[in-house]
Amino acid sequence: MFQLGTHGFLLAALSLVPTRVCCSSAEVPDVPKIAAYFGTKTRYEEVKPNVLRDPLTVNTSVLRPPPGEFCSPVHLTAVIRHGSRYPTVKNIRRIQRLSELLQKDASRTSEGSTERLQELRSRWEPWYTEDMDGQLVRKGRDDLRFLAQRLATLFPSLLSEENLRKRRIRFVTSSKHRCVSSVEAFQEGLQQHWGCHDNAPGYSHSVDDELMRFFELCRGYVDGVENNRTALLEVEKFKHGKEMEAVRRRIAEKLGLSLHLLTPDLVEAAFFICSYELSIKSIHSPWCFLFDKSDAKVLEYKSDLKQFWKRSYGHVINSLSSCQLFHHIFRTLDKAGRPRRSTEAGPEPASILVGHAETLLPLLSLLGLYKDQTLPTASNYHSQHGRSFRTSRIIPYAANLLFVLYDCQRGPRLQLLVNETPLRFPDLQTDDTPLYRDVRATYRHLLDGCDFRRVCEGRVEGRGPNTEL
């Protein structure tokens, strides 16, 4: 067991950290009733509502080492999705097409010509431009700044001013501008938390697409799923199925558009406008009033089907493509948890890895998290309402997967948190913070195997659909 440091009483002290006083309900902006169903375009506030009232409020009870055992956190690895962003070019073009249809082809006398429709025609103008293309917005910087400050409150000895100043904290990001901007915003949040932002030095980060954008570099995944038209067959079936068709008819009627003009992609574009204007501008867009909760649930399911079959359990290669990131995390934990003499330098206190929804979902699936007994398909929508695989809840903007390693009397222990909420390892359901050796035993088959090159060069069985969930 490695040395217990001077931070042994940290957890007791943390329990005394007060949460911040929340704002009054009158200060909380008007939120659409469908805000919790936007899939990967959901705000973090829908998953953590307390953040909407006070972005710095912290619940220290989420740290759960075993009662009666002396423990101290010695390392944090955080895999974080970038913050709120602008639409990508593909969706910006769809929004522009929808706006053109509304101006030119919508009937002026149809039943859809309500006050809301008139508002869309006369007052709403598409303000998205192609140069925005997925860039981080101001709200997205806030997402990461506030997350950094909350984590610094939870882990003051790990994300400390000294560790930041002496550059002991590792920062890694994908090369995409929204991720680079996010890691910079996270560093800014730590500086603000410790009051060192006025004269703070520039903090470095490394760009590593092999680690954070592995899905682009895995040939087995690119050929077998990304460029395989049959890989997302269930998504296409649902897109043109009865549930989506009913939503399309309702929206076409409300907009006064001929049904043949309003494609499923344009229905989704209208839905996404509501999500973008909430996540970017914190406004209740007039587009939101086109959809009720039943419509939103159908569109969320369509998004979940895509993520399931493209990034998660739908195909074995999806999760295996994250082997490299999986091994990186456990090598870091191994190094932090190895025995060391009292005269040796302490372990790396924290590793902050910033990527994408496409980074997190395969890794979460490789760990066996959010795995339902029945696969979601185009034909079983009505039996899937209680599913655990809901991307709106799992990977909103600024989603985070936290590995917290503790030094405890019986040996190192590991706690898992998703979006700052404790989550137990699938095969260790009786313990919030199991012994690290038990976690490694659970994933021994992956630690001894899961070779990225072998998997991604195609010399592995099971690259087809996963039928054993």
With only helices counted (DSSP H, runs n ≥ 4, each -39500 (n - 2.57)), the per-residue ellipticity at 222 nm for the chain, to the nearest 500, works out to -11500 deg cm²/dmol
One finds the C-alpha centres of segment 362-383 and segment 153-182 to be spaced, in Å, by 32
Segment 123-138 and segment 396-440 have their Cα centres apart by a whole-number Å value of 38
Taking Cα atoms, the helix 89-104 axis meets the longest principal axis of the chain at an angle in degrees (rounded to 10) of 20
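Could you tell me what percent of the DSSP beta bridges with both partners in the chain are antiparallel, to the nearest 5?
Here the antiparallel bridges make up roughly 60 percent for the chain.
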Straight-line reach check, K297, cutoff 21 Å on alpha carbons, 8 or more apart in-chain or any other chain, hits among lysines -> K33, K41, K48, K237, K239, K242, K254, K306, K310, K371
Here the gain from full extension of E210 to K166, 0.36 nm per residue of separation minus their alpha-carbon distance, amounts to 13.2 nm
Distance in nm between H327 and H260 label points, each 7 Å along Cα→Cβ, equals 5.6
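For Q103 and S383 in one chain, what is 0.36 nm times their gap in residues minus the Cα-Cα distance, to one decimal in nm?
Values: separation 280, 0.36 × 280 = 100.80 nm, distance 3.90 nm.
Using 0.36 nm per residue and subtracting the Cα-Cα distance, I get 96.9 nm.
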Of segment 258-277, those with amide N under 20 Å from the point 7 Å along the Cα→Cβ vector of V89 are 266, 269
Applied in sequence order to segment 407-422, the curve 6.51 cos²θ - 1.76 cosθ + 1.60 (Karplus, θ = phi - 60°) yields integer Hz couplings, x standing for Gly and Pro, of 8, 10, 4, 8, x, x, 10, 10, 10, 10, 10, 10, 6, 6, 10, x
Measuring from its Cα centre, segment 160-318 shows a charge dipole (+1 at each Lys and Arg Cβ, -1 at each Asp and Glu Cβ) which, in debye to the nearest 20, is 200
Measuring from the longest principal axis of the C-alpha atoms of the chain, the long axis of helix 264-281 (C-alpha) lies at a number of degrees, nearest 10, equal to 50
Nearest 10, in degrees from 0 to 90: the angle of helix 242-255 to the longest Cα principal axis of the chain is 60
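Bear in mind that the values in this text are calculations on the coordinates, not laboratory data. Note that the structure is predicted; figures quoted are calculated from it, not measured. Cβ sites come from the backbone with ideal geometry, for glycine too, and all protein chains shown count toward neighbours.
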